[in-house]
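Asks: Before I ask anything, let me first share the structure, which is written out below as structure tokens.
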Amino acid sequence: MKNISVKLRIALWLTLLMGLLAMLLLAFVLMISKMAATETAMSQLSQTVQSNLRQTKMIGGFLELGSDFSFYRNGVSTLIYSREKALLAGRIPISFDVEESFQNGLTRVVSSGDEKFLVLDLWLPMGWEEGVWIRGLIEAPENRRFTFDFLKVALVIMPAFMVLAAFGSYWIVKKAFGPLDSITATAMSINEAQDLSRRVGLPPKKDEFSQLAATFDELFQRLERSFESEKQFAADASHELRTPVSVIKGACEYAEKFDETAEERQETISMIHRQADRMSKLISQLLSMTRLEQGIDPAHLEHIDLNELVRSLCEDQAYDTCRLFLELHEEKLMVSADPALLSRLVQNLVENGFKYGGPDGSVWIAANRRDKEILLEVRDNGIGIPPEQQDKIWRRFYRADSSRSDEGGIGLGLSMVRQIAQAHGGYMTLESVVRVGSVFTLHLPVPEET
Ligand code: ADP
């Protein structure tokens, strides 16, 4: 049974159930029909015997039967017996060969060999002493012959019905399981061909399996996207790491051959230092992003004052106060956030503001509550971002254009900013105009207690 497919198992189960139901139905029909037939036979017997009784008279010591008297009518045989139980008139059916005592007015079942009869006796008194017994006999409907005929028909019909039920239920189940087969086939082909672009592709329907197929398609799509982005990420990360490594290697080889003075060697060492710093920054950023993404280092949310966090961060970082302006209110602005992650987000945005703001550019930080959101804006009057690049800058390793890579960025800052916003149940928006400036806004949900 374990190796039988689910389809076959359901079909077998349904067939068995139907067979059982059909048998129960058959038994029920047999019982009801027997009861109805017995009822009819009894009433026929009673009517015939009563009618014959009315037609029976004794005139001058002789028995006289009316013209409506019938010895055999509606399957009922009528017999007339004397007071001493001697048969006076009528013919006993051949199959009725038992000595049955007379009981006035009681219909009963009498077995005779294989057959059963319904018997009704009525005593017809004639004068003080005399009288006759009128006996009616009818074959009982429970005669095996009747049941046997019925069963014979049922035995022919039942297997046909069962076969039909088996095929019918298998066909219905097979049809219903169709999408599941497609899902399995697609999953297998993805597995074999290592091709995540394949889809089940069933027309949208409301049944459970079609919905499952649609869910699988979405899943395959998400898997494909995340697989592609992982591939891209690995390629970008190795490319980004290869650059400083080759610069360091080149610098070492050059220094070995050509650096003679202490200044020249110092210059090479500082360059190697810068490249090593860049690598270390890249690796640590990648690590924290992966940890956050995979939930290794999840956000530890606390109730904190956003204004306070921004103020102390700016003091700690010792930003140029002539170029950084805080637009914070005195009262507290409570948020549910991880202080370390939120500080990192603000830091990334402020540093970008300075980096892409030019030497005289300024940066403004404002925090506000609007409707059901807490907004933290980091604004600059820098170079701005062209509209076609505004979606792309959030991607890992994306840098707006080559001139900007001179700023020494590695293209992970904003990707991390967005990831941190999402880890807080929030999101980022950007408004930017080229050569006017940019506004990066963090939208956070208002914590429940406030
Ligand atoms: P990085 O600064 O290391 O290059 P980011 O992810 O922080 O990487 O930013 C991605 C790109 O978005 C930057 O290369 C830059 O071109 C653009 N960008 C980010 N912030 C600003 C800003 N305030 N003004 C203009 N361009 C910006």
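Asks: For the Cα atoms of the chain, what angle does the longest principal axis make with the long axis of helix 6-54, in degrees from 0 to 90, nearest 10?
Replies: For helix 6-54, the angle is close to 20 degrees.
Asks: Per residue, what volume in Å³ does the Cα convex hull of the chain take up?
Replies: 312 Å³
Asks: Taking 7 Å along the Cα-to-C-beta vector as the label spot, tell me the residue 196-residue 446 distance in nanometres, rounded to one decimal.
Replies: 4.1 nm
Asks: Can I ask one more? To the nearest 10 degrees, how steeply does helix 413-423 sit against the main Cα axis of the chain, on a 0 to 90 scale?
Replies: The angle comes out near 40 degrees.
Asks: Roughly speaking, what % of Cα-Cα pairs in the range 318-450 are separated by over 27 Å, rounded to a whole number?
Replies: Counting every Cα pair in the range 318-450, those more than 27 Å apart make up 17 percent.
Asks: In addition: For the chain, what is the mean residue ellipticity at 222 nm derived from helices alone (per DSSP H run of n ≥ 4: -39500 (n - 2.57); sum divided by total residues; nearest 500 deg cm²/dmol)? The partial results should precede the final answer.
Replies: Values: 8 runs with 227 residues, N = 450.
Calculated from helices alone, the mean residue ellipticity at 222 nm is -18000 deg cm²/dmol.
Asks: Can you give the three extents of the C-alpha atoms in the range 99-152 along their principal axes, from longest to shortest, in whole Å?
Replies: Largest first, the range 99-152 extends 54, 17, 12 Å along its Cα principal axes.
Asks: Which FRET efficiency, nearest 0.05, do residue 12 and residue 55 yield, Cβ-Cβ r, R0 60 Å?
Replies: 0.40
Asks: Right, here's the next one. Angle between the Cα long axis of helix 144-193 and the longest principal axis of the chain, 0 to 90 degrees, nearest 10?
Replies: Tilt relative to the chain: about 10 degrees.
Asks: When only Cα pairs under 8 Å and 6 or more residues apart are kept, what is the percent relative contact order across the range 317-442? The partial results should precede the final answer.
Replies: On the way: 202 pairs, mean separation 33.6, N = 126.
Across the range 317-442, relative contact order equals 27 percent.
Asks: Would you mind calculating the gained length between residue 390 and residue 163 on full extension (0.36 nm times residue separation, minus the Cα-Cα distance), in nm to one decimal?
Replies: 75.1 nm
Asks: Report the gain in length on full extension from residue 184 to residue 31: 0.36 nm times residue separation, minus Cα-Cα distance, nm rounded to one decimal.
Replies: Values: separation 153, 0.36 × 153 = 55.08 nm, distance 4.97 nm.
Gain on extension, residue 184 to residue 31, equals 50.1 nm.
Asks: Per the Kirkwood definition applied to all pairs of different Cα atoms, how many angstroms is the hydrodynamic radius of the range 299-357?
Replies: Taking the inverse mean of 1/r over all distinct Cα pairs, the range 299-357 comes out at 12.2 Å.
Asks: Taking only Cα atoms of the range 144-232, what ratio of Rg to Rh do you get with Rh as the Kirkwood inverse-distance radius?
Replies: Ratio of gyration radius to Kirkwood radius for the range 144-232: 1.41.
Asks: Same structure again: Taking just the alpha carbons, could you work out the radius of gyration and Dmax for the range 3-127, both in angstroms?
Replies: Here Rg and the maximum Cα pair distance are 23.8, 90 Å.
Asks: Taking Cα pairs under 8 Å and at least six residues apart, what relative contact order does the chain come out at, in percent?
Replies: Answer for the chain is 9 percent.
All of the numbers you see were taken from the coordinates with simple rules; none came from a lab. Predicted model only: the values in this text are computed from it and were never measured. Quick reminder, even Gly has a Cβ in these numbers, built from the backbone with ideal geometry, and neighbours come from all protein chains shown.
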